[in-house]
């Protein structure tokens, strides 16, 4: 149970820091600075949580990462589903906290959807968005599997490496899909946006569930093949 609570807290933290930053600074391609700040917020959130709860749950805080670990033989199916439920609850809690804070404070949400993902950057093309999410998640999960492998020798730098990789994929992906690579991170803000009267994020949510899961599965199979 402690692992599941850790995953809930970690995912909540990721959404609050990452999506909260996006809501504050926006992701305007013309300005550009919002891209970097949002990418850094997500990456630094991973660094912080990795060193905080990594020794408790492994700090997946992402169903795609958990799927990669499952397919690599690092957890059981029962544990996987426990992680996924905890992560989704954590993401929903994080998005709800943001909605409450921004509402009470009268702060404008620069994303219009609580930092949710969308397809505007790819002109609404779901296939293009799906491809982006598959590729970015593949890179991210492949990094995680390599860094956390028993053969790896990164000392205490694993969390930093993973956080920097997440920052990197965000720098590319924010302008295309908002960068999900994490179904839970997309689920929480999309559901809260729906309750707030914005149905656009929930309509495209399937892209940000299927894409990351496919990318993670591919990463797991490729890494296992390379590691042999």
Point to revise | Single condition residue 77 does not satisfy, out of (1) modelled with pLDDT of 95 or more; (2) surrounded by 18 or more Cβ atoms within 10 Å (Cβ to Cβ); (3) on the phi < 0 side of the Ramachandran plot | key: (2)
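Rundown of residues vs (1) more than 20 Å from residue 147 (Cβ to Cβ); (2) within 17 Å of the chain's Cα centre (by Cα); (3) surrounded by fewer than 20 Cβ atoms within 10 Å (Cβ to Cβ); (4) without any contact (Cβ under 8 Å) to a residue 12 or more places away in the chain, yes/no style:
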| position | (1), (2), (3), (4) |
| --- | --- |
| 36 | yes, yes, yes, no |
| 46 | no, yes, no, no |
| 49 | no, yes, no, no |
| 63 | no, yes, no, no |
| 82 | yes, no, yes, no |
| 91 | yes, yes, no, no |
| 100 | yes, no, yes, yes |
Practice item. Run residue 72 past the list (1) at pLDDT below 95; (2) closer than 30 Å to residue 150 by Cβ; (3) out of contact with any helix residue (DSSP H, G or I) (no Cβ under 8 Å at 6 or more places or on another chain) and report the number of the one that doesn't hold. Key: (3)
Check your understanding: If you go through the range 102-119 one residue at a time, do you hit one that is more than 24 Å from residue 202 (Cα to Cα) and touching a residue at least 12 places away in the same chain (Cβ under 8 Å)?
Key -> no
Practice item. Answer with yes or no whether residue 104 is under 19 Å from the mean Cα position of the chain (by Cα) and in a helix (DSSP H, G or I). Key: no
Practice item. Tell me, please, whether a residue that is modelled with pLDDT of 95 or more and under 22 Å from residue 34 (Cβ atoms) can be found in the range 140-147. Key: yes
Review point. Does residue 127 count as at pLDDT 95 or above and crowded, with 19+ Cβ neighbours inside 10 Å?
Key: no
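The values are calculated or read from the model by the stated rules, or taken from the named source; none is laboratory data. Quantities reported herein were computed from a predicted structural model and do not represent experimental measurements. All Cβ positions, glycine included, derive from the backbone under ideal geometry; neighbour counts span all protein chains shown.
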